[in-house]
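The values are calculated or read from the model by the stated rules, or taken from the named source; none is laboratory data. The structure presented is a predicted model; accordingly, all values stated were derived computationally and were not measured. Here the Cβ positions follow ideal geometry from the backbone for every residue, glycine too, while neighbour counts run over all protein chains shown. Each accessible area value is taken on the protein alone, full model and side chains, heavy atoms only, with ligands, DNA and RNA left out. Shrake-Rupley method; radii C 1.70, N 1.55, O 1.52, S 1.80 Å.
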Amino acid sequence: EEEEEEEEGGKGEGEEKKSRAQKRMEKREAAKKKGGAPDKEGDDKKSEGAKEVKDMDGPKPDAPRCLGVVLADGRTVRADSESGAVISHLGFIPTFVRYVPDSVRIEHGVPRGLPALSERKPLMRVLVGLKGAAADLNVTGADWYRLPNARIARDSVDELTGEVKAGTIGSDSSSSSSSAIAGEEDQGGDDEDKKDLEATDAEGGSKAGAPHHKGKRSRGGGKSKFDAGVSWMKVSFPSAKDPSWNDRHPGVTTCVVTVEADDNFVTEFDTKPKVYSIHHKRDGGAAQRLMDRVMRDLNDNFPQLEGKAEAVELLGPHRAGLSHGPERYAARGVRADTPYPGLYVGGSELTVGDSASASNVGAWLAANAVIGYGFVDHLF
């Protein structure tokens with residue numbers, strides 16, 4: 001008896017669904033005859049489906065397939081039309097903002113979350129040739145970093161009341177020393193940043209129609225300058241990492257100091273995503289002042305290198321990929337496969353950091369995406 005009741009209930013529900021479907025069809029037919037709009041509920045479902053396809057992760061069914069790469073000299077390198085793949089290690093912003101054709105990007109979009117991200121400020125490197133072996137200079141192959149936003153807070157005690165005042169974690173970007181440096185630079189600086197600059201690529205030439213051409217330049221409280229003792233800095237000794245270096249180049253040590261570019265060399269554009277334009281006409285005076293501050297900072301942190309520099313050269317600015325903010329790791333589109341079939345992204349932006357090991361892991365992820373491997377494939 002219970003089974004019969006359940007069957008009757010199932011029939012009743014089926015009839016109810018059928019009647020609702022018939023009513024919906026009748027409404028549509030009536031709307032068509034009257035020349036009115038079709039059923040709104042059906043339209044909403046269609047629009048939701050279209051939105052899901054547009055915002056989906058990975059290749060989009062209607063997006064054009066990437067067939068190759070056009071080089072700077074005009075040559076074209078093609079992949080197989082059906083099974084071939086193009087892997088870009090240039091980074092997400094150069095790949096989709098500067099090299100994907102504007103018409104294609106506007107119609108089919110970019111990886112999900114990319115417009116909310118920011119380009120990391122371009123980097124400059126000071127190459128230093130030092131007199132003396134690594135052992136004599138007491139330097140190792142370990143990299144040295146200064147992270148301003150991770151500095152330990154220094155508490156102070158009021159001498160009269162004995163009250164402890166909590167210090168600030170990290171550095172104050174509006175410190176008086178930074179303001180003084182900016183003032184010195186402004187007095188003898190160049191007028192490059194006062195003009196409308198084209199957003200150009202570091203490797204040469206502007207990209208017509210790139211979105212950041214139309215973006216507004218960010219206006220802060222003043223120029224951002226490298227502040228000795230405060231700003232982010234990385235110091236490495238590449239020759240100390242090479243066991244055979246002393247046999248090939250005895251009595252010489254190499255040093256690379258990496259810092260963020262001053263505003264004399266780059267301009268930030270408040271676009272989506274935020275990008276930087278690199279000034280290709282470098283002001284010699286600003287470059288020399290930057291090298292002087294960097295070398296002074298290097299000698300303060302490594303006093304044994306004082307007077308040992310035999311050659312100093314400034315390189316850059318060089319693009320540094322996506323900013324290492326929380327938004328980068330929350331963006332679902334930062335992955336090896338892209339909305340365009342046949343186009344994949346590799347490199348350190350898929351992982352954490354900008355090291356050689358991160359690039360290797362990014363290449364491994366890109367290779368797995370091309371082959372079609374997933375998590376389950378690596379379990380067996």
(message) For a quick check of your reading: which strands (runs of 3 or more DSSP E) sit entirely within the stretch 266-380 and have at least 3 residues that are within 30 Å of ASN138 (Cβ to Cβ), touching a strand residue (DSSP E or B) at 6+ places or on another chain (Cβ under 6 Å) and not basic (Lys, Arg)?
(response) 309-318
(message) Quick check on this structure: which one of SER239, SER231, SER244 is small (Gly, Ala, Ser), at pLDDT 85 or above and out of contact with any strand residue (DSSP E or B) (no Cβ under 7 Å at 6 or more places or on another chain)?
(response) SER244
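Let's see how each residue does on (1) open to solvent by less than 30 Å² (accessible area, probe 1.4 Å); (2) modelled with pLDDT under 90; (3) among the hydrophobic types (A, V, I, L, M, F, W, C); (4) closer than 30 Å to MET295 by Cβ:
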{"residue": "VAL86", "(1), (2), (3), (4)": "yes, no, yes, no"}
{"residue": "THR95", "(1), (2), (3), (4)": "yes, no, no, no"}
{"residue": "LYS121", "(1), (2), (3), (4)": "yes, no, no, yes"}
{"residue": "GLY129", "(1), (2), (3), (4)": "yes, no, no, yes"}
{"residue": "THR140", "(1), (2), (3), (4)": "no, no, no, yes"}
{"residue": "PRO148", "(1), (2), (3), (4)": "yes, yes, no, yes"}
{"residue": "VAL164", "(1), (2), (3), (4)": "no, yes, yes, no"}
(request) Just give me the residues in the stretch 91-147 being under 20 Å from SER239 (Cα atoms) and assigned to a loop (DSSP other than H, G, I, E, B), in sequence order. (result) GLY132, ALA133, ASN138, VAL139, THR140, GLY141, ALA142, ASP143
(message) Tell me yes or no: at least one residue of the stretch 285-304 is open to solvent by 30 Å² or more (accessible area, probe 1.4 Å), touching a residue at least 40 places away in the same chain (Cβ under 8 Å) and closer than 30 Å to THR95 by Cβ.
(response) no
(message) With the requirement that a residue be in contact with a helix residue (DSSP H, G or I) (Cβ under 9 Å, 6 or more places away or on another chain) and either among the hydroxyl-bearing types (Ser, Thr, Tyr) or free of Cβ contacts under 8 Å to residues at least 40 places away in the same chain (or both), what does the stretch 246-281 give you?
(response) HIS249, THR253, THR254, THR267, THR271, TYR276, SER277
(request) Give the stretch 237-261 a look and list any residue that's buried (at least 19 other Cβ atoms within 10 Å of the Cβ), within 23 Å of the chain's Cα centre (by Cα) and not charged (D, E, K, R), or say none. (result) VAL257, THR258, VAL259, ALA261
